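**Student:** Here it is, the structure, as structure tokens.
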Ligand code: GLY
């Protein structure tokens, strides 16, 4: 529900200085210049440094809530749940209880990394034909409506992490988000842009229109107050009853009714699908880069393996000696990105449905070396072939429907427990359907399946099966999970946690995280510089370049002269990801960066 801004709530957007921060010297000033006027609303030139705990997230209020939980004696997992629930309120377009997530948690006491897969699943009744028109092609507006909804995983994943590792009560960590939803939040420039871009979708669904648009159907102004009473009540129920109320109780019934009766493209999600949903604990992906161990998530996310291959190729290149932002560096990034995406597109999907995914072979040092040789001698302009050339069912395909949305946050607590969590409802505002009476948006994650194909590692396969690769409950039956690009990362130096980072951005996520790591580990930037630096995205098609700084125009020309096809992309809020990271420095302090491309903020104490 929207109201006139009787009291405009000033958001951290306009006050990004952190009281407890100390300034860092910046030997590299190239990426610390302000952007051209009007391009980026917030610009934070320096990393934030604090000592005890830190949260970097896509919205200042979410980061602030996370730190408040840490200061109350909560650990990184408690803060994670509080931040996720707060993001549902302040950044409803990107993630929430209607979506899915991947969690990496470093448990300092056990010196062990856990990976929880809270990815959405295909409902048993969903069929690829739900997405096809009379000519057998994927319908144009496949992103909208109940048919695109996968079984949400985020409430179960947050609960599971909290049950196993949290310190404060579940009620305590949900309380700040409930209060925020009740009290209301100011509409930020990015939220307004996102509501505006989705206005015509919201107009199809009375439940969504009522929350996000004004009574006359127009888009609310920046600074108007958005109160979300239904969402507050839903979070209160979740707080009182845990996930059973979501997966089997009254919220489940409202989800199913909303999906099945959606006025546009209704879906087949059932009570059985919700009841069967299980979080899956998986073995993380591990590889090394420049002597540091990088840990990330395995399939159904393509993130960890593709990042491993990309960085493995770059490790054998002269990228460390290239000037950041130079044509030489961009050329190497484009090669490594394209070569690793050729394999990603061909081989990766849900490992429970594809036990023959060549996970080990893709990161085998001999294979990476061979791939690097091919990548570094490749003639730009021609796509890479997948390297393993496996006969039969593996076919190269990039799914053109993957969105650029999602959100990522990073947390480090006083005990040096670490969280990297990437979380999503897929496209901006998900499927655009708000659950009746419940105030939260549902995902459209089924569009991350390769809907153009009947078979293959990422084809929509509705048959429920026992899991093959879960660490905790291998006997549990589940639905196939669509391939993700989410790439939360924790880096270890001499066995100690060193960096936590990740980004949204759909298929661009993997390259964004790779570039941030190159900036940190090769170019020795601090976390904020590494995040600020202009981006390139190369996925075995035209290379995308972020048009952010004037020097990029020259770079486009130089890359074209080398034979690369370039697709310059404008910096809309959600075009170029939003990386949020923290580094644990050798003196024990925490150095945080947040992305100016959205409305990111670091808070610490
Ligand atoms: N929804 C974005 C991803 O899974 O990569």
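Read-outs throughout are calculated quantities, based only on the coordinates presented, and are distinct from any laboratory measurement. What you see is a predicted model; the values in this text were computed from it and never measured. Please note: Cβ atoms are built from the backbone with ideal geometry, for glycine as well, and neighbour counts cover all protein chains shown.
**Student:** Just rank 447, 500, fewest to most, by other beta-carbon atoms within 10 angstrom.
**Tutor:** With the fewest neighbours first, 447, 500 line up as 447, 500.
**Student:** Rounded, prolate or oblate: pick one for region 452-597, where a ≥ b ≥ c are the square roots of the eigenvalues of its C-alpha gyration tensor, a/c under 1.5 means rounded, and failing that, prolate if a/b is larger than b/c, else oblate.
**Tutor:** Here region 452-597 falls in the oblate category.
**Student:** Assuming 0.36 nm per residue, please report the length gained on full extension of the stretch residue 275 to residue 465 beyond their Cα-Cα distance.
**Tutor:** 66.9 nm
**Student:** Based on the Cβ-Cβ distance from residue 71 to residue 112, what FRET efficiency comes out when R0 is 25 Å, to the nearest 0.05?
**Tutor:** Details: r = 26 Å, r/R0 = 1.03.
Step by step, r from the Cβ atoms, then E = 0.45.
**Student:** For the chain, what does the alpha-carbon gyration tensor say about shape, rounded, prolate or oblate, given a ≥ b ≥ c as the root eigenvalues, a/c under 1.5 as rounded, and a/b over b/c as prolate?
**Tutor:** It is rounded, given that a/c, with a ≥ b ≥ c, falls under 1.5.
**Student:** If each of residue 253 and residue 561 carries a label point 7 Å out from its Cα toward its Cβ, how far apart are those two points in nm?
**Tutor:** That separation, rounded to one decimal, is 7.0 nm.
**Student:** I've got another one for you. Translational diffusion coefficient of region 236-338 at 37 °C, 0.692 mPa s, Stokes-Einstein with Kirkwood Rh over Cα pairs, in µm²/s as a whole number.
**Tutor:** 184
**Student:** Also, I was wondering about something else. Test of understanding: ordering 97, 531 by Cβ neighbours within 10 Å, fewest first, what list do you get?
**Tutor:** 97, 531
**Student:** Here's a follow-up. Could you give the alpha-carbon Rg of region 471-535 over 2.2 N^0.38 Å, rounded to two decimals?
**Tutor:** Working it through for region 471-535, the quotient is 1.44.
**Student:** In nm, to one decimal, how far is the residue 283 label point from the residue 321 one, both placed 7 Å along Cα→Cβ?
**Tutor:** 3.8
**Student:** Would you give the gap between the C-alpha center of region 491-562 and the C-alpha center of region 585-605, rounded to a whole Å?
**Tutor:** Rounded to whole Å, the Cα centres lie 17 Å apart.
**Student:** List the relative contact order of region 62-152 as a percent without decimals, with contacts defined as Cα pairs under 8 Å and 6+ residues apart. Numbers along the way, then the final one.
**Tutor:** Values: 95 pairs, mean separation 17.9, N = 91.
Relative contact order comes out at 20 percent.
**Student:** Please label the shape of region 160-275 as rounded, prolate or oblate, based on the square roots a ≥ b ≥ c of the eigenvalues of the alpha-carbon gyration tensor (a/c under 1.5 means rounded; beyond that, a/b larger than b/c means prolate, else oblate).
**Tutor:** Oblate is the answer for region 160-275, as a/c is 1.5 or above yet b/c matches or exceeds a/b.
**Student:** Counting each DSSP H run of 4 or more residues in the chain as -39500 (n - 2.57), what helix-only mean residue ellipticity at 222 nm follows after dividing by all residues, to the nearest 500 deg cm²/dmol?
**Tutor:** Result for the chain, helices only: -9500 deg cm²/dmol.
**Student:** Explain nothing, just the number: relative contact order of the chain, from Cα pairs under 8 Å at least 6 residues apart, as a whole percent.
**Tutor:** RCO, the chain: 24 percent.
**Student:** Based on the Cβ-Cβ distance from residue 473 to residue 360, what FRET efficiency comes out when R0 is 22 Å, to the nearest 0.05?
**Tutor:** Calculated value: 0.40.
**Student:** Using the 2.2 N^0.38 Å rule of thumb for compact globular proteins, work out how region 60-194 stacks up: its C-alpha Rg over that value, please.
**Tutor:** Output field value: 1.26.
**Student:** Let me ask you something else. As a test, work out the antiparallel percent of DSSP beta bridges whose residues both lie in the chain, rounded to the nearest 5.
**Tutor:** Percentage antiparallel, nearest 5: 95.
**Student:** Most exposed first by the Cβ proxy, i.e. fewest other Cβ within 10 Å, how do 363, 104, 314 rank?
**Tutor:** So the ranking, lowest neighbour count to highest, is 363, 104, 314.
**Student:** Now for a separate question. Can you tell me the FRET efficiency between residue 292 and residue 218 if r is taken as the Cβ-Cβ distance and R0 is 51 Å, rounded to the nearest 0.05? The partial results should precede the final answer.
**Tutor:** Working: r = 51 Å, r/R0 = 0.99.
So the FRET efficiency works out to roughly 0.50.
**Student:** While we're on this one: If I stretch the segment between residue 164 and residue 416 completely, what's the gain in nm (0.36 nm per residue apart, minus their alpha carbon distance), one decimal? Walk me through the numbers before you get to the answer.
**Tutor:** Working: separation 252, 0.36 × 252 = 90.72 nm, distance 1.72 nm.
Length gained, residue 164 through residue 416: 89.0 nm.
**Student:** Suppose each label sits 7 Å from its Cα in the direction of the beta carbon; what would the residue 374-residue 199 distance come out to in nanometres?
**Tutor:** Once both label points are built, they end up 4.9 nm from each other.
**Student:** Oh, and also: Quote the relative contact order of region 154-288 in percent (integer), defining contacts as alpha-carbon pairs under 8 Å separated by 6+ residues.
**Tutor:** 27
**Student:** Given the peptides 487-498, 337-348, arrange them by the average over their residues of other C-beta atoms within 10 Å, most packed first. Provide the component values of the computation, followed by the final result.
**Tutor:** On the way: 487-498: 20.3, 337-348: 26.9.
Per-residue Cβ counts within 10 Å, averaged per peptide and sorted highest first, yield 337-348, 487-498.
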